[in-house]
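A quick write-up on the structure given underneath.
The values are calculated or read from the model by the stated rules, or taken from the named source; none is laboratory data. All of these numbers come straight from a predicted model, not from anything done at the bench. For neighbour counting, all protein chains shown are included, and Cβ atoms are generated from backbone atoms with ideal geometry for every residue, glycine included.
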Amino acid sequence: MAEVPVCVIGCGPIGLAGALLLSRHGIESLLVERRSELNAHPRSRFVDTNTMELFRELGLEEAVEATGLGPDWTAVNLWADSLAVEPYATIPSPTFHSIPRSSSPCVPVMTAQDEVESALMALVANDPNITVRFETEATELSQSEDGAQLTLVDTTTGDRECVSADYVLAADGPGSGTRSVVGAQLEAEPRPIFSQDVIFDADLDAYVGDRKGSLLYATTSLGVVIFQPLDGRRRWRCQVVVSDANLISEDAARARIRAALGTEDDVPLNITSMRMWQPTPGCATHFGAGRVFLAGDAAHVSVPTGGMGNNIGFAGVRNLAWKLAYVIRGFAPQSILDTYEIEHRPVAVERIAFGVSTTNFMGRMIMGHRRGEDVSEHVQATHQYADYDHVLLGFALASDLIAADSDPPPAHESSAFTPTVRAGGRAPHVWIDEPESQSVLDWFGLTYVLLLGARCSLPAWDAALAELPPGGVPVVARQLPEGVATAPYKPDEVVLVRPDGIIAQRHIEEGKADVSAFAPYLPRPTEV
């Protein structure tokens, strides 16, 4: 029987990222996918700031950014009866806007999921720690105290192979077959809407003109059509709202798209793919048990509105991967894996609910406009569609791995986001060099980091860390430089940051290097 540290089920973006994060920690994985190739039908487009910071850690920031729409496409979203008439709502989209901001070294990117997966796969294919097997289905998954057992079936030959894994990371999508293994169910309620994705190539410059936007909604008499530029040139995705789960024909789809363009021209549309979907937001009853963990859409499903689905999945696998690696390497007890769901579920629930509320606001705006009503109130509410950095960056995790912070959590009363140094929060970005090429975030990823303010004593903290008992998680001290702006970090403050960039504890130095305040939040294996 073949043995692997981790078997990753699902070669979508979350499975690929999970395998790469494990490899960063020196953990080998077997990545299995029942399809013969990566998904050629892009369902998601938005890569949020947190995910771009993850891609920066993986060395993919530039590659993914190069595939994205330019800032001329990402400043606003538009709603109109067709692209031939004036919009009835033009709403800014600062969260989508691909321009530099002070809160991150990265810009968010509006691209296509297959572009992101291709960039991830290029890394995976050249990673000696990752073995990829397409046309392979994981079946008969079971587990014991010592590990998990799977039967891998070659979908082309029917050949079967037994594999033993220390852990299983299941990123097998919304229809996950792994949920039942951990006794979980997806608690989700389908929304009363069906949408047909149409991916096509076409030159629409004459019809779009200068009305560029991340999303171009056309609320025609035939139904809603949502134009989503994939490359800003010729590649498009349209979501065509239909009455039921049956695909309409290519000719019917073309007719809907022409109506949404506001023309009777026989616009050449080269349709490359069509898929049906129904929004079904919700969470699995639990995200794992024993040696098996759910990630991405296997654990939680979002509505498309706001583009949070894959981004929630990336946040989750980033939370889980370092914990799995530390347990496998003997740095931490298996019990820290319980904190994956404890910390990540509230994030997933909040963002799923935010997407649903945005959908509701937008629906009232569209329906009210079609009835000829004053929709100014609904337009204002729909501003949250792509203005939610306070949700993406202002979250606060809580678990036994994180100190209880004396400061209240960040308020979410408005879209404004102000970075803060707070236990459970994302460690704020600051530049640590004059050319502004290196961020403090670049120090995170592999170890715990004791982040020292400019007036703290690095030698004293290095000596204090050297006195820690052997075993436990790796931790290094790093000092913020003098002469550059490092607020909101205080010059006499010491901040313990986890490998996933989450603050575990913070402490004022008070004249001596005392690690006792941080020791409870530096996990140690139970046998040490």
- Message: Suppose we filter ALA66, ALA17 for residues that are free of Cβ contacts under 8 Å to residues at least 12 places away in the same chain and small (Gly, Ala, Ser); which single one remains?
- Response: ALA66
- If you take the residues in the stretch 350-384 that are of a type in the set (Val, Ile, Thr), in contact with a helix residue (DSSP H, G or I) (Cβ under 8 Å, 6 or more places away or on another chain) and assigned to a helix (DSSP H, G or I), which one is surrounded by the most Cβ atoms within 10 Å (Cβ to Cβ)? THR382
- Message: For the stretch 407-418, check the following and say yes or no: at least one residue is surrounded by 16 or more Cβ atoms within 10 Å (Cβ to Cβ), outside any loop (DSSP other than H, G, I, E, B) and of a type outside the set (S, T, N, Q).
- Response: no
- Task: Please work out which residue is nearest to HIS97 (Cα to Cα), limiting yourself to the stretch 289-306 and to residues that are out of contact with any strand residue (DSSP E or B) (no Cβ under 7 Å at 6 or more places or on another chain) and either in contact (Cβ under 8 Å) with a residue 60 or more places away in the chain or surrounded by fewer than 22 Cβ atoms within 10 Å (Cβ to Cβ) (or both).
- Result: GLY306
- Selected residue (only one of SER243, SER249, SER273 is of a type in the set (S, T, N, Q), without any contact (Cβ under 8 Å) to a residue 60 or more places away in the chain and touching a strand residue (DSSP E or B) at 6+ places or on another chain (Cβ under 8 Å)): SER243
- Query: Which of the residues that make up the stretch 307-325 are surrounded by 24 or more Cβ atoms within 10 Å (Cβ to Cβ) and over 14 Å from the mean Cα position of the chain (by Cα)?
  - Reply: TRP322, LYS323, LEU324
- Task: Can you give me the number of residues within the stretch 205-242 that are touching a Gly at 6+ places or on another chain (Cβ under 8 Å) and within 17 Å of GLU115 (Cα to Cα)?
- Result: 1
- Query: Which one of the conditions (1) assigned to a loop (DSSP other than H, G, I, E, B); (2) charged (D, E, K, R); (3) surrounded by 15 or more Cβ atoms within 10 Å (Cβ to Cβ) does ARG455 fail to meet, given that it meets all the rest?
  - Reply: (3)
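This table checks each residue for (1) modelled with pLDDT of 95 or more; (2) surrounded by 15 or more Cβ atoms within 10 Å (Cβ to Cβ); (3) among the acidic types (Asp, Glu).
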site	(1), (2), (3)
SER144	no, no, no
CYS162	yes, no, no
VAL182	no, yes, no
ALA188	no, yes, no
GLY209	no, no, no
LEU215	yes, yes, no
THR219	no, yes, no
- Taking the condition of a type outside the set (Phe, Trp, Tyr), at pLDDT below 95 and within 15 Å of the chain's Cα centre (by Cα), does PRO304 pass? yes
- Query: Can you tell me which of ALA284, ALA260, ALA255 is in contact with a strand residue (DSSP E or B) (Cβ under 8 Å, 6 or more places away or on another chain) and more than 30 Å from ALA299 (Cβ to Cβ)?
  - Reply: ALA260
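Is there a residue in the stretch 281-288 that is hydrophobic (A, V, I, L, M, F, W, C), modelled with pLDDT under 95 and surrounded by 24 or more Cβ atoms within 10 Å (Cβ to Cβ)?
No, because not a single residue in the stretch 281-288 is hydrophobic (A, V, I, L, M, F, W, C), modelled with pLDDT under 95 and surrounded by 24 or more Cβ atoms within 10 Å (Cβ to Cβ).
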